[in-house]
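Chemist: I have a structure I would like to understand better, so I am pasting it below and will then ask my questions one at a time.
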Amino acid sequence: MSEKARALLTVQRRVGAIVYFTVVVHGVFGLIGVAFVVDDQGRHADATLLLAMSGVFGLITYAGVRLILGRSLWSPAWLVLSIIPTVVAFFVI
């Protein structure tokens, strides 16, 4: 494979990962938003479950991006970063 083809493949993977992340991260923040609404209705257990789901969704987003980029799934810093929105929401609710 030529150097130009490799460079093009790298750019395609990066663009694909950015598009995937941009679309899927809305689900994480959507679940957090719905958890706040449900908590305001007095359904704290349901809100906690929605926050847990957002954490799982964040980890799935992380794994998808890493697979698209062709990188190893093990990256502790990125794992922690992927669940920060959920952790912050747990402390706020």
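Values in this text are rule-based calculations from the coordinates and carry no lab data. Computed from a predicted model, the values in this text were never measured in an experiment. Please note: Cβ atoms are built from the backbone with ideal geometry, for glycine as well, and neighbour counts cover all protein chains shown.
Chemist: About its Cα centre, how strong a charge dipole does region 1-75 have in debye, to the nearest 20, once Lys and Arg get +1 and Asp and Glu get -1 at the Cβ? Don't skip to the end; give the middle numbers.
Modeler: Working: 7 positive and 4 negative charges, 121 e Å.
Around 580 debye, computed over region 1-75.
Chemist: Take VAL23 and ILE84, extend 7 Å from each Cα along the Cα→Cβ direction, and tell me the distance between the two endpoints in nm.
Modeler: 2.5
Chemist: Quote the relative contact order of the chain in percent (integer), defining contacts as alpha-carbon pairs under 8 Å separated by 6+ residues. Display every interim value, and only then the final one.
Modeler: On the way: 72 pairs, mean separation 29.7, N = 93.
Computed over the chain, the figure is 32 percent.
Chemist: Listing THR48, THR22, THR10, THR86 from the residue with the fewest other Cβ atoms within 10 Å to the one with the most, what is the order?
Modeler: Going from least to most buried by this count: THR22, THR10, THR48, THR86.
Chemist: Pick out, from THR48, GLY58, GLN12, the residue whose Cα sits farthest towards the positive end of the charge dipole of region 3-92, with +1 on the Cβ of Lys and Arg and -1 on the Cβ of Asp and Glu.
Modeler: Projecting each Cα onto the dipole axis, the largest value belongs to GLN12.
Chemist: Roughly what % of Cα-Cα distances in region 3-92 sit above 20 Å, to the whole percent? Display every interim value, and only then the final one.
Modeler: On the way: 1704 of 4005 pairs.
Of all Cα-Cα pairs in region 3-92, 43 percent lie more than 20 Å apart.
Chemist: Report the extension gain between VAL56 and TRP74 in nm, rounded to one decimal, defined as 0.36 nm multiplied by the number of residues separating them, less their alpha carbon distance. Walk me through the numbers on the way to the answer.
Modeler: On the way: separation 18, 0.36 × 18 = 6.48 nm, distance 1.60 nm.
Computed gain between VAL56 and TRP74 is 4.9 nm.
Chemist: Using DSSP to define loop residues, name the chymotrypsin sites (Phe, Trp or Tyr not before Pro) in region 12-90 whose beta-carbon has at most 10 other beta-carbon atoms within 10 Å. Walk me through the intermediate numbers first.
Modeler: Working: sites: TYR20, PHE21, PHE29, PHE36, PHE57, TYR62, TRP74, TRP78, PHE90; in loops: TRP74.
The qualifying sites are TRP74.
Chemist: List the trypsin sites (Lys or Arg not before Pro) in region 1-92 that DSSP assigns to loop (not H, G, I, E or B) and whose Cβ has at most 14 other Cβ atoms within 10 Å. Which are they? The partial results should precede the final answer.
Modeler: On the way: sites: LYS4, ARG6, ARG13, ARG14, ARG43, ARG66, ARG71; in loops: ARG43, ARG71.
The qualifying sites are ARG43, ARG71.
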